[in-house]
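Only the coordinates and a few stated rules stand behind these numbers; no lab work does. These numbers were taken from a predicted model, which means no experiment stands behind them. Neighbour counts run over all protein chains shown; Cβ positions are idealised from the backbone, glycine included.
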Amino acid sequence: MDYDVIVIGGGPSGLMAAISAGEKGAKVLLIDKGDKLGRKLAISGGGRCNVTNRLPVEEIIKHIPGNGKFLYSAFSIFNNEDIIRFFESLGIALKEEDHGRMFPVTDKAQTVVNVLLQQLDHYHISVFKNSPVADVLYEGGHVSGVLLKDGQSFTAKSLVIAVGGKSVPHTGSTGDGYAWAEKAGHTITELYPTEVPVTSNEGFIKNKTLQGLSLRDISLSVLNPKGKPIITHRMDMIFTHFGISGPAVLRCSQFVVKALKKWNLTEVTMSLDALPNQTEEEIYQNLVKLVKSEPKKSIKNTLKGLLPERYLLFLLEQSEIDPAAQGGTVSNEKLRLFSKSCKQFLFKVNGTLPLEKAFVTGGGVSIKEIDPKTMGSKFMNGLFFCGEILDIHGYTGGFNITSAFVTGRLAGTNAALTAKNNGA
Ligand SMILES: Cc1cc2nc3c(=O)[nH]c(=O)nc-3n(C[C@H](O)[C@H](O)[C@H](O)COP(=O)(O)OP(=O)(O)OC[C@H]3O[C@@H](n4cnc5c(N)ncnc54)[C@H](O)[C@@H]3O)c2cc1C
């Protein structure tokens, strides 16, 4: 055998798998098709690398709506706090930001990538870059090795597939691993974009009325055909030239995709609450009071500061209120309508940007066919999976990277242990 363990893919999951196998004393080869390792990791979290998240495990699982519960066993072995300890023990100081997000204090993703590369050296892990794997080889119910595109092949006792999903393919993740998993008997659940901007054909989007406008701390919901919220997220958002984006939108996006599919719709309704701290009645009563106190003032000026100006003017227009009209001339009925639009501005969306533009791939290797304690294949001896190739997806905010590191840790450790047992 050329190697104990071969890891295909040098993203966060593959790097962690290779290091973990190295820690167990295995002879490891890490293969990546790109000229750099950790390319997606280097652009994550706005180039600062959102290494993990400090919320309690229960919350982390909730923030991984795509099969997060599958990770309970894995988290009992290696979790977000272990990721923090792992990096801190290697001299990388981390800091916590909003929503529990953890970043290196340097604010540079490369700091995180570099320390992982140093660990590869430390454990004498062989690294092949610019070496796309063409195929994974199996023999008699066991992995036997890999075939590279250039025709070279290498044998191994264990193999970790860590080639990511299909999103942002210029970072190397082009979905190559799904065929290798299928060849081993695995099911690939339907792939779809998640954490992705949402598109809309609404006039105000087409006319770019609100393009570039950011709304802070709003509540955004995806509604079912009966008008009930399927999901609500309270975060920031932005209007773009094709629809909407920003953290709240990214989190809602997978529910838009699923609703379109589930009810066979061409459009789904979303509801925007721009003032989540107040009820509609409170807003209305406040408006009536304000208008009464200065009836001669233009309604636009009376309401100044209630909402960002462009959105205020937009909602006034939606409620058929002339912004220049004196407050006293605006009917209570219209004030009611306006108060309602502050809480529940309804608009239609018709899809998302494609999978290639999504931050994360939904779907992947079915988790039903993976041992949750080892990340080992239930079908093929010596075969392990980790990272985004699995049918696991979380919200942005460090949850996907956490899943990649945790599953990578288990896959690498157990690939090394299996190699040792098979060698004995
Ligand atoms: C712009 C952006 C920002 C993000 N921000 C966040 C964030 O803030 N928080 C968060 O949790 N997640 C974020 N994510 C998601 C997160 O980066 C990914 O979920 C994570 O990188 C997946 O890790 P992975 O190891 O499974 O795969 P990847 O990081 O995709 O790595 C896969 C590796 O496999 C290699 N490979 C593929 N095919 C082959 C082949 N045939 N032969 C050899 N090598 C191959 C690729 O070159 C690549 O290096 C972001 C993603 C993007 C695109």
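Some notes on this structure:
- Comparing Ala404, Ile321, Phe75 along the charge dipole axis of the chain, the residue lying farthest to the positive side is Ile321, per the Cβ-charge model.
- Label-point separation in nm, Ala134 to Val57, each point 7 Å along Cα→Cβ: 4.4
- Taking the fewest neighbouring Cβ atoms within 10 Å as the starting point, the ordered list for Leu250, Leu287 is Leu287, Leu250.
- Space enclosed by the convex hull of the alpha-carbon atoms of the range 1-141, per residue, Å³: 140
- Given Lys62/Lys368; Lys228/Lys300; Lys304/Lys348; Lys261/Lys357; Lys157/Lys373, the pairs whose alpha carbons are separated by over 22 Å: Lys228/Lys300; Lys304/Lys348
- Each Lys or Arg adds one and each Asp or Glu subtracts one; over the other residues with Cβ under 15 Å from the Cβ of Val168, this totals +2.
- Length gained when the stretch Asn207-Gln118 is fully extended (0.36 nm per residue, less Cα-Cα span): 26.9 nm
- Between the C-alpha center of the range 37-89 and that of the range 228-249 there is a gap of 23 Å.
- The C-alpha radius of gyration of the range 338-424, expressed as a fraction of 2.2 N^0.38 Å, stands at 1.62.
- A Cβ-based charge dipole, computed about the Cα centre of the range 197-352 with Lys and Arg at +1 and Asp and Glu at -1, lands at about 240 debye.
- log10 of Debye I(q)/I(0), alpha-carbon scatterers only, for the range 197-352 at 0.14, 0.17 Å⁻¹: -0.69, -0.96
- Note: relative contact order over the chain, using C-alpha pairs below 8 Å and six or more positions apart, is 26 percent.
- For the range 161-230, diffusion coefficient by Stokes-Einstein and Kirkwood Rh (Cα), 20 °C, 1.002 mPa s, µm²/s: 131
- Neighbour counting of Cβ atoms within 10 Å sorts the residues Asp391, Asp371, fewest neighbours leading, into Asp371, Asp391.
- Relative contact order (%) - criterion: Cα under 8 Å, at least six apart; region: the range 313-424: 19
- Within straight-line cross-link reach of Lys420, aspartates and glutamates at Cα separation under 17 Å, skipping those fewer than 8 residues along the same chain: Asp2, Asp4, Glu23
- Working from label points 7 Å from Cα in the Cα-to-Cβ sense, the Lys304 to Asp35 distance is 5.5 nm.
- Zero-based 10 Å bins, Cα pair distances in the chain, whole percents: 5, 21, 26, 20, 13, 8, 5, 2, 0
- Separation of the Ser214 and Asp82 label points, Cα + 7 Å toward Cβ, nm: 3.7
- Taking GluC sites (Glu not before Pro) across the range 179-208, the ones in a DSSP loop with at most 11 further Cβ atoms lying within 10 angstrom of their Cβ are Glu190.
- Scaled against the 2.2 N^0.38 Å expected of a compact globular protein of N residues, the Cα radius of gyration of the range 25-77 reads 1.52.
- This ranking places Thr279, Thr396 by how few other beta-carbon atoms lie within 10 Å of each, fewest first, which gives Thr279, Thr396.
- Measuring between their Cα centroids, the range 175-215 and the range 324-368 lie 18 Å from each other.
- In degrees, nearest ten, helix 280-293 long axis to first principal axis of the chain (Cα): 40
- Förster radius 51 Å - calculated FRET efficiency between Val105 and Glu333, Cβ distance, rounded to 0.05: 0.40
- Pairs of Cα atoms nearer than 8 Å and 6+ residues apart set the relative contact order; for the range 162-241 it is 21 percent.
- Options His233, Val360, Thr209, ranked by Cα towards positive dipole end of the chain, top entry (Cβ charges): Thr209
- Dipole in debye (nearest 20) - the chain, about Cα centre, beta carbon charges: Lys, Arg +1; Asp, Glu -1: 800
- On the beta carbon distance between Thr199 and Lys296, with R0 = 35 Å, the FRET formula returns roughly 0.20.
- Whichever aspartates and glutamates have a C-alpha closer than 16 Å to that of Lys206, once near sequence neighbours (fewer than 8 apart) are set aside: Glu267
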